[in-house]
Amino acid sequence: MKPFRPPSAALASAAYVACRYGGAPPGVARVELDLAAEVAEGLEQRFQARPGGGPDPMKPRFARHAEHVQAVLAAGGYPALPARCR
């Protein structure tokens, strides 16, 4: 079977993103799409720089969990909810 050759840079980028969201590691996506190492590296950098960054499509673009936890702890921490009596 011949490797898929995207006809344009836009389709190469879309195909790379589809492979990465499909669970393929960067190296596998590069081989499946028959991309040069430099091209694949550039696509991976752009993929990681997307809002939300990385292969998790459910990660919100505002995900800054560590900074949020530090800010909450600096403000006194999370409130403790009282136990409910049944």
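Values quoted throughout were computed directly from the atomic coordinates according to the rules given, and no laboratory measurement underlies them. Quick caveat, the model's predicted, so the values are computed rather than measured.
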(message) If each residue of separation counts as 0.36 nm, what is the full-extension length gain between C85 and R46 once their alpha-carbon separation is subtracted?
(response) 8.8 nm
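Run the numbers for L73 and D34: contour at 0.36 nm per residue of separation, minus the present Cα-Cα distance, in nm. List each step's numbers first, then the result.
Details: separation 39, 0.36 × 39 = 14.04 nm, distance 4.79 nm.
Difference between extended and current length: 9.3 nm.
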